[in-house]
Amino acid sequence: MERWSDDHWKVPLDLPERRLAHDRKGHGPGAKMELLSPIGLDKQVVHDGATWLDKELMREGSRSLREAGFGLEVKRDIDRRKQVLVQRGDAQDLGQGRIRAPRDLVQRLEAREIARVGRAMAADRGRDWTPVKPGSRFGGELVGSTRLACGRFAMIDNSMGFSLVPWNDALERRMGQQIAGVGIAGGGVD
C-alpha cells in the first residue's frame, strides 16, 4: 500500500492474493485464506452480476449456516438477494421465501456483468466491445486485468476491439504481450 496523504491510501486490487502468497511463502501450507468476494455482503445483495451470495443460493441445502454471527448475516442477505433476483426477473417467486431460478443463473449474471463492464471499458478506450463466446477466437495485447464481483479478468485489446477473459495466473508474465485463445463452454478460455 502507498500512503498519499493522512486520509488517503492507494491499495492494489490484488492485495488479498499478494498477502496470501506472502503468507504461504513464509509460513508454509498451514492456515489458508480465500477471498470469497471483493465486495461486501450488503453490496452483493443489490449487485447486477454474479456474486458469492448467488453461488451460495444455488447450492442452498448443501451447506448449513450457523444461526448466529456471520452465518446468520449470510442467511438474511441470501433472503434479500432472492427478492432482488425476483424483482429483476432473474428468478420466480414461489412464496414462503422460495424461488425458482434457472440452473445457469450464476453464468447468466456473470455474462451480464462482463458485458456491462466490458462495454464501459471499451468505450473509455475508444474501442468496440468484443465478447468472447464458446468457440470464438480472440487475440490481442494483454493490457491489464480487472476484478469484478465474479472474479479477475484479463483485458485484451486487439486495436479495434476489446475483450475480457477469465484470468489465469500464467498471464501475469505475459502483460504487454500478444496473446490468443479460444472461448470454451462455461465461460472459460483455452
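Details
- Here the spin labels are modelled as points 7 Å beyond Cα on the Cα-Cβ line, and at Asp169 and Arg80 they lie 3.4 nm apart.
- Sequence-distant residues sharing a close amide H with Ile99 (under 5 Å, placed H): Leu94
- Take each peptide in 44-54, 132-142, 155-165, count the other Cβ atoms within 10 Å of every residue, and average; sorted highest first, the result is 44-54, 155-165, 132-142.
- Estimated purely from DSSP H runs of n ≥ 4, each contributing -39500 (n - 2.57), the mean residue ellipticity at 222 nm for the chain is -11000 deg cm²/dmol once divided by its residues.
- Distant-in-sequence amide contacts of Arg152, defined by a placed amide H-H separation under 5 Å and a gap of 5 or more residues or a different chain, comprise Trp167.
- The alpha carbon gyration tensor of region 105-190 gives principal lengths a ≥ b ≥ c with a/c below 1.5, which makes the shape rounded.
- For the residue pairs Lys43/Lys133; Lys10/Lys43; Lys82/Lys133; Lys10/Lys82, the alpha carbons lie more than 31 Å apart in Lys10/Lys82.
- Annotation: Met175 carries an accessible surface of approximately 80 Å², with a 1.4 Å probe and no ligand, DNA or RNA atoms counted.
- With a Förster radius of 35 Å applied to the beta-carbon distance between Arg18 and Gln96, the computed FRET efficiency rounds to 0.20.
The values are calculated or read from the model by the stated rules, or taken from the named source; none is laboratory data. Remember, it's a predicted structure, so these values are computed and weren't measured experimentally. A quick note on method: Cβ atoms are made from the backbone with ideal geometry, for glycine too, and the neighbour counts reach across all protein chains shown. Just so you know, the surface numbers come from the protein's heavy atoms only, side chains and all, with ligands and any DNA or RNA stripped out. Shrake-Rupley method; radii C 1.70, N 1.55, O 1.52, S 1.80 Å.
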